[in-house]
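Below is one structure, written out as structure tokens, with a few remarks after it.
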Amino acid sequence: MDIELLKSELLYRTSRSGGKGGQNVNKVETKVEARFDVAASAALSEEEKALVLEKLANQISGEGILSAVNQTERSQLSNKFLAEEKLVKIIEKALKKPKKRKPVRIPTAVKEARLEAKRRLSEKKAVRKGKGGNDE
């Protein structure tokens, strides 16, 4: 994955955002949505595209667009940078391969302790049953 090429392929959409800013909120479009067309990307290989489409299926729109929105800052430029970073992190996380789990043998002492606890509980219940209750 070529991050610089990926960043150059992003499209941006701005709109007015809520929150702090006073009158600035009502007239300046500071909310930024970074949009990325996964299928048309040259920054990702075919395998990477397939992986992203599979892992992020619930975040990709019907047109195949992956998007990230940011409106925390009061300037459009800051929000643009943060939305871009958020989108890159989402894609990197989707492409990261999980570590393979190494099976570990359960120690004998742990097995014995579990069996001993089961035996004690069984004896306790057997004693309760034998005390002449209405369980019989």
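Taking E54 as the residue in question, decide whether it is acidic (D, E), surrounded by fewer than 14 Cβ atoms within 10 Å (Cβ to Cβ) and touching a residue at least 24 places away in the same chain (Cβ under 8 Å). For E54, the condition - acidic (D, E), surrounded by fewer than 14 Cβ atoms within 10 Å (Cβ to Cβ) and touching a residue at least 24 places away in the same chain (Cβ under 8 Å) - is not met. Restricting L66, L53, L44, L77 to those that are outside any loop (DSSP other than H, G, I, E, B), within 18 Å of K97 (Cα to Cα) and either of a type outside the set (D, E, K, R) or modelled with pLDDT under 85 (or both) reduces the list to L53. Residues in region 74-96 that are of a type in the set (K, R) and touching a helix residue (DSSP H, G or I) at 6+ places or on another chain (Cβ under 7 Å): R74 only.
Say whether the condition of being of a type outside the set (A, V, I, L, M), farther than 22 Å from L82 by Cα and in contact with a strand residue (DSSP E or B) (Cβ under 9 Å, 6 or more places away or on another chain) is met by at least one residue in region 40-63. Yes. Scanning region 38-75 for residues that are acidic (D, E) and closer than 15 Å to V88 by Cβ returns a single hit, E48.
Report yes if some residue within region 85-108 is within 20 Å of T14 (Cα to Cα) and in contact with a Gly (Cβ under 7 Å, 6 or more places away or on another chain); otherwise report no. Within region 85-108, none of the residues are within 20 Å of T14 (Cα to Cα) and in contact with a Gly (Cβ under 7 Å, 6 or more places away or on another chain).
Scan region 66-103 for residues that are surrounded by fewer than 16 Cβ atoms within 10 Å (Cβ to Cβ) and within 29 Å of E29 (Cα to Cα) and the total you get is 9.
Every condition in (1) closer than 22 Å to M1 by Cα; (2) in contact with a helix residue (DSSP H, G or I) (Cβ under 8 Å, 6 or more places away or on another chain) holds for Q71 except the one numbered (1).
Is region 23-41 home to any residue that is assigned to a strand (DSSP E or B), surrounded by fewer than 16 Cβ atoms within 10 Å (Cβ to Cβ), of a type in the set (D, E, K, R) and under 20 Å from the mean Cα position of the chain (by Cα)? The answer is yes, given that some residue of region 23-41 is assigned to a strand (DSSP E or B), surrounded by fewer than 16 Cβ atoms within 10 Å (Cβ to Cβ), of a type in the set (D, E, K, R) and under 20 Å from the mean Cα position of the chain (by Cα). Which of (1) loosely packed, with under 13 Cβ neighbours inside 10 Å; (2) under 16 Å from S78 (Cβ atoms); (3) at pLDDT 85 or above is the odd one out, the single condition K20 does not satisfy? It is condition (3) that K20 fails.
The values are calculated or read from the model by the stated rules, or taken from the named source; none is laboratory data. Bear in mind the structure is a predicted one, so any value in this text is a computation, not a measurement. Glycine also receives a Cβ, built like all others from the backbone with ideal geometry; neighbour counts cover every protein chain displayed.
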